[in-house]
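What follows is a set of notes on a single structure, which appears directly below.
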Amino acid sequence: ACASVFGRVDAAQADLFPKLTFQNSALILVMHYSRVMPPDGDHRYFTSTAVFLNEVIKLAISLTLAMYETSKTLAPSTPATVLFEQIYNGVFSSDGWLLAGPAALYTLQNLLQYAAAGNLDPVHFQVLYQVKIITTAVFSVMLLRRQLGFKGWVSLVILTCGVCIVSLPSSEKPSDSFLLHGVPDHFFPRSKHELGQTVAGAAIPEPALHLSKRSATYEGIAKDLPPADPIMNFSVGVTAVLISAVVSGLAGVYFEKLLKESSTNASVWMRNIQLSFYSLIAAFMGGCVYQDGEGIREHGFFEGYNAVVWATILLQVAGGLLASLVIRDADNIVKNFATSISIVISFVVSMWIFDFTVNATFLLGTSLVLLATYIYSVPERKLHRPSPVRIVS
Ligand code: C5P
């Protein structure tokens, strides 16, 4: 599927796709790990601070690139003040405020992505997140007047069926609140400790001490103790990832429309500065003040930060910059298909690192998602290839 997507764009653009695929797979794996690993201190990091810092770094990079881009259009002796003035005018140009819309949506999407990655294993996350292919296609038809064609709609129906199958909770899972699929082994001692604290004075029951190291569920604990703080909650994860997919589709198409159809012809870096500027406000007000304000006031902005958290933030920065280039050079639909191969990468890595196990239903759903991706992305001419004509001399 990835190769067929590559066949639709030129070589320079195709060069971006393996990077985006790698970034996408790595981001969700590292983000998931950052949410389930034992925190260094008393508390895990606040996700809103990560979303905020992501925007700070993207703003700095976009500003640097916009200054470089603008400086090339000026004479070498032009004073720096003229350069700054041009950037300022570009950023706060008449339609710059329109980026407030996609900025608010992307901020919501990024916050939801953290919630989803903390409550789902990376494979379920990636498969369910493919819903953004549907939402992006629908918003592209509505806002950008794109044609999907028969093949496009058929593949979207198959994709929807696949996603529905994958989102069905498995009967092997005893209860949402005790779902621990995909938690690394070294997480367990801390979880037991937390449970022990939650149920004051209660001894950890025997079944808890026999937690299977492979794909463990707290079945024993669930029977014998009142529910403690859930570690991974399937329903919360599914809800967060599905809403995030809808918001991703709308935000992406909205950004593409402003980038490609605006009369001001602002460059992608100028648009990214505007986007980050409004995203910073949204992430601060909605995330750092509203969502996590109390916790941040009590424990500090950098509570729980370690190398894994920084790696998550940097991967998200790389993803944002790559996504904007792919949206500029191709479009959102192509971007989504280029990243759908992340399902396979997450699958292999999760089986290896997170002891991920699958059942037949999950495999059926995932196969449908991959089939839909292939049908959608394969060029029309390959599906209806004429039989080769033999030239007889
Ligand atoms: O999953 P999806 O492809 O929609 O994710 C796009 C990501 O790229 C989001 O995290 C969004 O914040 C980021 N982005 C960005 N700058 C853009 C477009 C998207 O940082 N111009």
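Please treat every number below as a calculation from the coordinates, not as lab data. What you see is a predicted model; the values in this text were computed from it and never measured. When we count neighbours, we look across all protein chains shown, and the Cβ atoms used for this are built from the backbone with ideal geometry, even at glycine.
Structure notes:
- Here the Karplus relation 6.51 cos²θ - 1.76 cosθ + 1.60, evaluated at θ = phi - 60°, turns the backbone of segment 131-146 into coupling constants of 4, 5, 5, 5, 5, 5, 4, 5, 5, 5, 5, 6, 9, 10, 6, 7 Hz, with x for every Gly and Pro.
- Note, ³J(HN,Hα) from phi for segment 24-38, Karplus 6.51, -1.76, 1.60, rounded to Hz, x at Gly and Pro: 4, 5, 5, 4, 5, 5, 5, 4, 4, 4, 5, 8, 10, 5, x
- Computed 3J(HN,Hα) for segment 107-124, one whole-Hz value per residue from the Karplus formula 6.51 cos²θ - 1.76 cosθ + 1.60 where θ = phi - 60°, is 5, 4, 4, 5, 5, 5, 4, 5, 4, 5, 5, x, 10, 10, 6, x, 6, 4, glycine and proline marked x.
- Förster radius 35 Å - calculated FRET efficiency between Glu69 and Val154 (Cβ-Cβ, nearest 0.05): 0.25
- Extension gain for Ser93 to Thr357 (0.36 nm times residue separation, less C-alpha to C-alpha distance): 89.8 nm.
- The order of Cys164, Cys288, going from fewest to most other C-beta atoms within 10 Å of their C-beta, is Cys164, Cys288.
- Estimated FRET transfer efficiency (Ser367, His43; beta-carbon r; R0 35 Å; 0.05): 0.30
- Separation of the Ser263 and Phe84 label points, Cα + 7 Å toward Cβ, nm: 3.2
- Residues whose placed amide H lies under 5 Å from that of Met232, excluding near-sequence neighbours: Leu179
- The residues Arg328, Arg145, when put in order of fewest to most other Cβ atoms within 10 Å, stand as Arg145, Arg328.
- Calculated FRET value between Ala100 and Ala60, using beta carbons and R₀ = 25 Å, to 0.05: 0.80
- In this rough spin-label picture, where each label sits 7 Å from Cα along the Cβ direction, the His299-Ala311 distance is 2.1 nm.
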